[in-house]
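In what follows, a single structure is set out as structure tokens and then discussed.
The values are calculated or read from the model by the stated rules, or taken from the named source; none is laboratory data. Note that the coordinates shown come from a computational prediction; the quantities given were computed from them, not determined experimentally. Every residue, glycine among them, receives a Cβ derived from its backbone with ideal geometry; neighbour counts consider all protein chains shown.
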Amino acid sequence: MKLNETQIQHLYTFTKNHFVEHYDLQTELVDHLANDIEAMWQEQPQLSFEEAKTKAFKKFGIFGFMEPIEQKQKAMSKRYRRYLLVELKKWFAVPQIVITLALFLFFYYTFSTVYVEYLSVIFYIIIAIWCGYKSWQLNRIFKRRKEKSNKKWMLEDMIFKQAGGITGLFLSQLFNVISISDTSLNNKYAILAFALLFTFLVLINYISLELLPNKAEKLINETYPEFSL
Amino acid sequence: MSNSKLYKGSLTTIILKLLNESDKMYGYEITQKVKELTKGELKITEGALYPALHKLEAEGLLDVEVKKVDNRLRKYYKITESGTKETSNKLNELANYIATMQALVNPKFNLE
């Protein structure tokens, strides 16, 4: 006996109710449960769908789908970081390296002036505001995408929602650095390090909050060619 | 999985070896194949299988493909080129491990 369409949809809802948010992982787990239920029916045809489903789910152990979710998230973060790195590398190759260098020199010379204290805070605020705005905007786009389709992809979630989280954390750390180094920026190496940090910050934020979201469709298709969106 | 502690470290080797021998397999198929080959002695648990598969996929040792089967989508795993290399490394490691354990547990079989 095979599972019908309604039962398959029921399994999708079941995985969703057990904290599997993303369609990619849901699909795999639904197929697994379905196979197991069908195998059980071969031996015990009298078993109801609900009973068989409960039995199949129990085999995942007391933590249910937690372990697969966690591992999948780790695997997907790795992929996300790889995409980020690919983009970052481009900024150290011709022609983008010109912009990177210009950015670095700009920060280096402005931080070498006596106004360093004010300028670093002003730059910091500008970057923070831009990041906040972009995160808000991406969240809105993500919500709209969800309204269109019910499916949520793990990579999509990372591109649109977690990018802001990473930069937020990074920015809060940088703020500590700024407060500490307010007085010690007369040192040439400190200025150099500071300029490098700011350049890096601008690049990472620009890539994660602007470039990757713009390429989202392409990246999602590349990650899930099998689902042919 | 029976004797889970002893088998646990070999899970990825088992998965790689199976995929190395077949064109492609899906998760449930792997659990069934292992059960069949070991006559039920070794049962890979669902909670261990999928994390292992996703980890191998992230490491680039496995590739995936999804096909519509019956009225649902099925995710297949295939071994990549680097996965094939890793399989032989893992199998060598396992063979060494078995030989070492053999020497410890059953010294009379040691010819030296």
- Note on the structure: Within the range B:4-32, residues more than 23 Å from A:Phe57 (Cβ to Cβ), among the hydrophobic types (A, V, I, L, M, F, W, C) and at pLDDT 85 or above come out as B:Ile14, B:Leu16, B:Leu18, B:Leu19
- All conditions in (1) surrounded by 15 or more Cβ atoms within 10 Å (Cβ to Cβ); (2) within 30 Å of A:Phe194 (Cα to Cα) are true of A:Ile69 except (2)
- Message: Suppose we keep only residues that are within 23 Å of B:Lys67 (Cβ to Cβ) and facing another protein chain (nearest Cβ under 8 Å) within the range B:33-50. Which one would you say is modelled with the highest pLDDT?
- Response: B:Tyr50
- Message: Quick check on my filter: what residues within the range A:107-122 are touching a residue at least 40 places away in the same chain (Cβ under 8 Å) and over 16 Å from A:Phe200 (Cα atoms)?
- Response: A:Ser112, A:Val116, A:Glu117, A:Val121
- Task: For B:Thr13, indicate whether it is under 13 Å from the mean Cα position of the chain (by Cα) and either more than 30 Å from A:Arg82 (Cα to Cα) or in a loop (DSSP other than H, G, I, E, B) (or both).
- Result: no
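For (1) more than 9 Å from chain B (Cβ to nearest Cβ); (2) assigned to a loop (DSSP other than H, G, I, E, B); (3) within 16 Å of A:Lys151 (Cβ to Cβ); (4) over 32 Å from the mean Cα position of the chain (by Cα), each residue gets a yes or a no:
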| position | (1), (2), (3), (4) |
| --- | --- |
| A:Tyr12 | yes, no, yes, no |
| A:Leu29 | no, no, yes, no |
| A:Glu51 | yes, no, no, yes |
| A:Phe60 | no, yes, no, no |
- Does A:Leu25 fit the bill of being under 23 Å from B:His54 (Cβ atoms), touching a Leu at 6+ places or on another chain (Cβ under 6 Å) and facing chain B (nearest Cβ under 10 Å)? no
- Quick one: is A:Thr100 modelled with pLDDT of 90 or more and closer than 30 Å to A:Phe19 by Cβ? no
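Results for (1) more than 10 Å from chain A (Cβ to nearest Cβ); (2) more than 21 Å from A:His32 (Cβ to Cβ); (3) under 12 Å from the mean Cα position of the chain (by Cα), shown as yes or no for each residue.
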| position | (1), (2), (3) |
| --- | --- |
| B:Leu18 | yes, no, yes |
| B:Ala52 | no, no, yes |
| B:Lys55 | no, no, no |
| B:Val64 | no, no, no |
| B:Asn71 | no, no, no |
| B:Arg74 | no, no, no |
| B:Ile98 | yes, yes, no |
| B:Ala103 | yes, yes, no |
- Query: Restricted to the range B:24-65, and to residues that are of a type in the set (Ser, Thr, Tyr) and not in a helix (DSSP H, G or I), which residue is surrounded by the most Cβ atoms within 10 Å (Cβ to Cβ)?
  - Reply: B:Tyr26
- Message: Quick test for you: out of A:Met76, A:Met158, A:Met154, pick the one residue that is surrounded by 11 or more Cβ atoms within 10 Å (Cβ to Cβ) and touching a His at 6+ places or on another chain (Cβ under 8 Å).
- Response: A:Met154
- Item | Pairs, first assigned by TED's automatic domain parsing to the domain that holds A:Leu203 in the range A:90-106, second part of a loop (DSSP other than H, G, I, E, B), C-beta under 8 Å, six or more apart | A:Lys90/A:Gln96; A:Ile97/A:Trp91; A:Ile99/A:Trp91; A:Thr100/A:Trp91; A:Thr100/A:Phe92
- Query: Looking at the range A:82-100, is at least one residue within 14 Å of chain B (Cβ to nearest Cβ) and either at negative phi or assigned to a helix (DSSP H, G or I) (or both)?
  - Reply: yes
- Here are A:Lys72, A:Lys55: which of them is under 30 Å from the mean Cα position of the chain (by Cα) and of a type outside the set (Phe, Trp, Tyr)? A:Lys72
- Message: When you check B:Thr84 against the structure, is it at pLDDT 85 or above and more than 14 Å from chain A (Cβ to nearest Cβ), yes or no?
- Response: yes
- Query: Could you give every pair whose Cβ atoms fall below 6 Å, whose first residue belongs to the range A:33-58 and is closer than 19 Å to A:Lys16 by Cβ, and whose second residue is of a type in the set (Gly, Ala, Ser), counting only separations of at least 6 or pairs across chains?
  - Reply: A:Leu33/A:Ala56; A:Asp36/A:Ala56; A:Ile37/A:Ala52; A:Ile37/A:Ala56
- Got at least one residue in the range A:32-44 being more than 14 Å from every other protein chain (Cβ to nearest Cβ), over 30 Å from A:Glu210 (Cα atoms) and part of a loop (DSSP other than H, G, I, E, B)? yes
- Query: Before we move on, is B:Asp23 charged (D, E, K, R), away from chain A (no Cβ under 14 Å) and either more than 10 Å from the chain's Cα centre (by Cα) or within 30 Å of A:Thr6 (Cα to Cα) (or both)?
  - Reply: yes
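If you take the residues of the range A:59-88 that are aromatic (Phe, Trp, Tyr) and touching a residue at least 12 places away in the same chain (Cβ under 8 Å), which of them is farthest from A:Leu3 (Cα to Cα)?
A:Tyr83
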